[in-house]
Amino acid sequence: MVSTTSCTICGRYSLALLLLLCLSSLSAQDPEPPNDNSPFASLGIGNFLDQNYLYSGNMGGVSAAFQDPYQWSSTNPASLAYLKSTSFQVAAYAERSRLRTIGSPDAPSEDAIVWNGNIRYLGLGMPLRNSINLLEERKEQSLGVGMGISLLPYTRTAQSTRITTTDPIVGDIQQDIVRQGGTYKLQWSGGIHYKNIAIGVNAGYFFGTLQRSQFISLPDDNVRSLITIKQSKSQLGGFVMGYGAMYTIPLSKRISTSEDDSPDEWRTAQKRLVLGVSGNLSTDFTSKNFNFDRTGRAGVNQVDTARFSQDVKFFGKLPSETRFGISYINGRRLHIGAEYSLGQWSEFINEADPQVLNDSYRMSVGVTWRPDPSDVLSFWNRIGYQAGYYRGRDPRSLDGAQLEYWGITAGFEIPVVYTRQISHFQVGLEYGAIDSRVITDRFLRLNLGMTFNDNKWFLKRKYD
């Protein structure tokens with residue numbers, strides 16, 4: 001009998017990888033701003049977006065101590081080492097926000113409803129050792145290696161403000177200020193684990209575009225009133241680095257798949273305690289700026305340009321962030337976790353738009369429970385029911401007070417079997433708030449995600 005070996009990669013996931021790379025390239029050219037209007041978007045580099053995949057997001061964002069055979073954590077690359085199946089993850093969200101100003105005797109409260117939505121993430125992770133081959137060849141599975149690539153929206157800026165003041169000579173002066181844009185992270189991740197220890201690294205590129213336009217006019221002057229336009233555009237870019245590590249403490253014996261105690265599918269204890277740490281290193285970025293001021297008259301083509309500059313480079317610095325997590329995991333039946341994170345945002349620098357930020361923190365807890373993940377007769381017993389809570393302090397400040405936020409999450413994960421492969425559909429609801437002294441933002445967010453799995457990547461086939 002002659003034996004040969006080949007490596008098979010599923011065609012539809014090759015297309016998924018191609019789609020991921022194409023979307024990354026398009027986003028790198030000129031990312032479209034989301035269609036919303038946030039009062040906090042002008043602070044810092046915009047509103048921060050959740051960097052967690054939806055499985056972790058439904059648990060309040062618990063991701064530093066994360067192990068799963070079908071999914072991985074974008075914030076802790078060490079989780080890639082525990083993948084047993086290729087995982088293509090994608091999600092989107094829709095959000096309804098209710099903005100309310102804090103009233104006073106002279107200025108009553110005002111409300112506004114804002115809708116927005118966008119793609120939440122794209123990620124492709126894969127184990128570099130096929131679990132089927134390891135079981136067939138009865139090889140030791142205490143070593144796991146995985147890698148992945150992901151595109152994560154990082155911040156968004158979308159704000160439109162009108163300010164009207166009155167001058168005793170010229171009358172009303174109207175200012176319309178529009179901010180739009182966003183930043184992204186395109187990163188490669190790799191992780192490896194040996195027995196109870198796992199480490200990983202993220203290496204990527206931070207990029208984006210932030211724009212600000214200001215239109216000043218005299219609405220009371222009906223005869224060719226003067227219009228002043230001030231515009232600035234910043235293109236940000238720089239390399240980013242992250243890290244992750246986990247230590248597993250077994251609380252029960254390993255599950256054996258045969259009488260001779262061969263390596264099991266998980267190669268870990270069914271009940272275990274996982275300690276995790278992950279974070280981002282402080283890295284530099286550059287800002288290439290374009291600015292111009294011009295003045296003209298309504299209905300007249302003549303325009304005077306008072307100031308013009310382009311390709312002016314400024315220096316910037318992203319701060320370091322650290323997450324500490326602990327999880328209790330009982331197979332795929334139960335996952336309970338808690339996490340605390342710190343951000344050194346007082347070290348943030350952006351010479352193109354200098355602002356003072358403060359250190360931030362976030363704490364979160366969450367749970368996933370499946371009544372019986374191996375029950376083939378009951379669909380409801382295989383569903384993962386999730387809930388979580390988080391609270392933290394944003395690095396930005398408004399009216400002298402640092403922003404604070406909180407949120408409650410709930411969702412479920414539905415296993416989907418197709419062509420003998422199991423994938424997972426995720427639904428999540430999130431209700432929370434961002435509070436300041438003058439404005440509160442109450443939001444309700446619907447998250448929809450899908451994880452496509454395939455255990456035939458890098459499968460070695462034998463032919464007689």
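Values in this text are rule-based calculations from the coordinates and carry no lab data. Bear in mind that the values here come from a model prediction, so they are computed numbers and not experimental data. Reconstructed Cβ throughout: ideal geometry from the backbone, glycine too, with neighbour counts over all protein chains shown.
How long is the gain from Arg98 to Asn358 if the chain were fully straight, where each residue apart is worth 0.36 nm and the alpha carbon distance is subtracted?
Working: separation 260, 0.36 × 260 = 93.60 nm, distance 2.57 nm.
The span from Arg98 to Asn358 would gain 91.0 nm if fully extended.
Give me, ordered by chain and number, the residues 5 or more places off Asn118 or on other chains with an amide H under 5 Å from its own placed amide H.
Excluding prolines and chain starts, which carry no amide H, the hits are Tyr93.
Which loop trypsin sites (Lys or Arg not before Pro) in region 359-464, with loop taken from DSSP, have no more than 10 other Cβ atoms within 10 angstrom of their Cβ?
On the way: sites: Arg362, Arg382, Arg391, Arg393, Arg396, Arg420, Arg437, Arg442, Arg445, Lys456, Lys460, Arg461, Lys462; in loops: Arg420, Arg437, Lys456, Arg461, Lys462.
Those satisfying the criteria are Arg420.
Each label point is 7 Å from the Cα along the Cα-to-Cβ direction; what then is the distance between the points at Asn330 and Ser374, in nm?
1.4 nm
Distance between the C-alpha centers of region 107-129 and region 315-335? Whole Å please.
If we compute the Cα centre of each part, the gap is 19 Å.
Using the basic label-point model (7 angstrom from Cα toward the beta carbon), what is the Ile199 to Ser252 distance in nanometres?
Calculated label separation equals 3.1 nm.
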